[in-house]
Amino acid sequence: MATASEEPRVVAGRYRLRSVLGSGSMGTVWSAYDEFLRRPVAVKEIRLPPGVTAGQADELRERTLREARAIAVLSHPNVIVLHDVARQDGEPYVVMELLPSHSLAELLKAHGPLSTEQAAAVGDAVAAALEAAHEAGITHRDVKPGNVLVAEDGRIKLTDFGIARNVSEATMTRTGMTLGSPAYIAPEVASGKAVTPAADLWGLGATLFSAVEGRPPYDADGDPLETIGKVVKGEVPRPSPGPLAAVISGLMAKEPLDRTPLREVRLQLYPMLTKAPRILFGPEMF
């Protein structure tokens with residue numbers, strides 16, 4: 001929140017920024033208020049890292065607009081809703097629904113591994129979101145616990161399509177920019193091969209691995225290049241025996257064509273969906 005001596009920033013004469021919800025290398029997400037429609041919203045602001053070239057700065061701006069285009073195509077209960085793309089001083093700001101929630105990464109850090117029922121609910125929601133994205137020709141490319149939101153009312157939504165690329169768009173040149181998260185990146189992506197929707201299947205499997213094990217399948221805190229080397233050349237980590245082990249192993253097949261399709265994943269998860277998410281993720285989780 002702004003202090004008494006600070007005036008809250010207002011973007012595009014409409015969106016009053018209140019407090020920071022999250023911050024990373026690519027930007028800051030704010031809790032904000034839409035003064036025109038009188039509703040709370042989330043606003044994503046680009047952060048330009050120190051030392052970036054003009055070309056890299058342009059790419060960051062384009063990534064933000066691409067995120068907006070990707071979300072705008074989708075209308076699905078498991079995808080964050082896009083409200084607007086505003087501009088302030090030439091910079092784009094993506095305005096989205098404000099979902100009182102924690103990321104799956106935050107829940108795992110605070111509470112440890114999920115139960116089978118909780119993990120199945122997360123897996124089904126993310127699979128449903130990815131089905132809708134893939135049908136629209138969109139690959140998310142960064143499916144991981146940090147991009148899965150679990151709301152206080154039990155809703156589960158996939159967010160941050162910032163590196164999603166519609167297959168109809170030309171491939172963008174990336175100079176010195178790291179896309180994806182090494183601990184969750186698919187082997188073919190890590191080795192520089194073409195990205196296909198199958199990369200999202202791996203990301204879903206790696207996310208479910210983290211959900212049931214309480215840790216990522218690969219070291220998330222070590223040397224990124226070393227981690228990528230293990231993803232490309234090493235053995236695929238296997239989860240502990242349990243109801244979700246086969247689902248995870250099917251998604252984390254090293255060959256993209258060998259990965260279980262999303263529809264089959266949801267059929268496999270269906271028997272484990274014994275309770276509504278709002279019951280599975282109670283107040284004690286928040």
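The values are calculated or read from the model by the stated rules, or taken from the named source; none is laboratory data. Fair warning: this is a prediction, and the values are worked out from it, not measured in the lab. When we count neighbours, we look across all protein chains shown, and the Cβ atoms used for this are built from the backbone with ideal geometry, even at glycine.
Odds and ends about this structure:
- Given (1) at negative phi; (2) without any contact (Cβ under 8 Å) to a residue 60 or more places away in the chain, index of the condition Met26 fails: (2)
- Extreme residue, modelled with the highest pLDDT, among residues of region 13-38 that are exposed (fewer than 12 other Cβ atoms within 10 Å of the Cβ) and in a strand (DSSP E or B): Ser19
- Condition met for Ala245 (touching a Pro at 6+ places or on another chain (Cβ under 9 Å), of a type in the set (A, V, I, L, M, F, W, C), in the same structural domain as Ala133 (by TED's automatic domain parsing) and touching a residue at least 60 places away in the same chain (Cβ under 8 Å)): no
- Here the condition is being in the same structural domain as Phe36 (by TED's automatic domain parsing), part of a strand (DSSP E or B) and of a type in the set (A, V, I, L, M); of Ala86, Ala68, Ala72, it holds for Ala86 alone.
- Residue count, region 268-277 (criterion: surrounded by fewer than 13 Cβ atoms within 10 Å (Cβ to Cβ) and either modelled with pLDDT of 95 or more or in a helix (DSSP H, G or I) (or both)): 2
- Note on region 29-55: residues that are closer than 15 Å to Ile80 by Cβ, among the β-branched types (Val, Ile, Thr) and free of Cβ contacts under 8 Å to residues at least 40 places away in the same chain amount to 1.
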